[in-house]
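In what follows, a single structure is set out as structure tokens and then discussed.
Throughout, read-outs are computed from the coordinates displayed, never taken from laboratory work. Bear in mind the structure is a predicted one, so any value in this text is a computation, not a measurement. Cβ atoms come from the backbone with ideal geometry, glycine included; neighbour counts cover every protein chain shown.
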Amino acid sequence: MNNLLLQSILGLLILFVTIISALAPHTLIKKFKLDNDGKPNLFLSLMCCVGGGVFLATCFLDILPEIQFGYEDIKKRTNTTNNFPFPQLMVCLGFFFVYLLEELCSKYFHKDDESCNHALPNYNSVETSKPLIHENEENRTVIKVQTTSTEIPCSETTTIDSPKHDEKKPNDYFKALSFAIIMSFHSILEGVALGTKNDLSGTLVLFTSLSLHKIIEAFAVGLQISKTISGRSKWAVLILFIYAIMTPIGALLGAGLKELNINAISRDIAVLILECLAAGTFIYVTFLEIIAQECVPKNNRMYKLGAVFSGFLIIVALQYHNHFF
């Protein structure tokens with residue numbers, strides 16, 4: 001079978017596997033969204049922590065070692081003796097790029113939220129009016145004094161509910177979209193690696209490894225995006241579909257680069273730079289968007305730690321299998 005045809009078929013199979021795995025968390029979101037008291041369900045939170053562990057292990061046990069191996073290989077092929085840590089520098093630049101983008105968008109949308117909040121009534125203060133001298137006293141002048149207080153001692157407690165906005169903030173949509181773009185960037189590079197394989201056995205081995213990895217990764221991505229914009233299923237499905245098609249697109253790009261006969265060293269340097277930037281964005285997402293967010297609540301922290309470690313062990317097992325079997 002023609003190698004290009006085989007890579008196209010395998011790319012479609014990966015697309016199918018990714019779509020199924022990424023859309024599966026929708027049922028979990030609908031079933032386990034809230035507890036009876038309105039708090040996020042513990043099971044859903046633990047699943048997100050497992051996803052954080054998956055991303056953590058993927059970054060440090062898969063992406064970063066691959067970057068270092070590629071950098072050392074390029075140094076040998078170009079007879080370079082410079083020991084400056086260029087890959088680590090590019091990884092940090094990728095991290096700060098996403099960090100800056102996130103802060104700029106948060107600042108912009110925060111201004112919009114403040115302008116909207118100014119128009120809302122203040123439900124935290126209670127206005128009372130009481131007479132200084134009781135009205136039932138005859139032949140007395142009645143003077144009423146109006147006061148505003150945030151705390152009024154009373155024997156009974158009255159709860160006043162402020163309006164709730166069920167719609168997600170624009171910043172939530174940006175977070176979901178930026179997360180999908182970051183993961184799509186990584187998926188394209190995975191596809192490029194598949195598309196540039198020349199031998200049949202190497203292509204099949206990489207496909208098997210990539211499929212197993214994709215099932216776990218896509219489930220974690222789908223869970224994170226579906227949780228972020230759980231109120232808009234259509235948007236979540238669209239974003240996840242865009243993420244799913246990136247690996248096949250990367251495979252086609254890799255096959256195209258191979259057919260164009262571009263200088264191999266130049267191609268590998270370009271791919272290495274993209275991998276470094278992707279690793280930086282991966283680190284940002286793992287620590288600041290997933291693990292940090294799930295660990296903010298002070299309850300069930302040991303369970304969450306165990307969930308993160310469980311996700312980490314899943315990728316450790318896959319990496320061990322890929323290297324020793």
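Below are the figures for this structure:
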{"item": "Gained length - Trp235 relative to Phe96, 0.36 nm times residue gap less alpha-carbon distance", "result": "47.3 nm"}
{"item": "Positive dipole terminus of region 226-325, leading residue within Leu313, Gly280, Asn261 (C-beta point charges)", "result": "Leu313"}
{"item": "Backbone HN-Hα couplings from phi across region 179-186 [Karplus 6.51/-1.76/1.60, Hz, Gly and Pro as x]", "result": "4, 5, 5, 4, 5, 5, 4, 5"}
{"item": "Shape of region 202-259, Cα gyration tensor, a/c cut at 1.5", "result": "oblate"}
{"item": "Among 209-222, 182-195, 256-269, the order from most to least packed when residues are scored by Cβ within 10 Å on average", "result": "182-195, 209-222, 256-269"}
{"item": "3J(HN,Hα) from dihedral phi, region 251-263, Karplus parametrisation 6.51/-1.76/1.60, rounded to Hz, x for glycine, proline", "result": "5, 5, 5, x, 5, x, 4, 5, 6, 6, 6, 5, 3"}
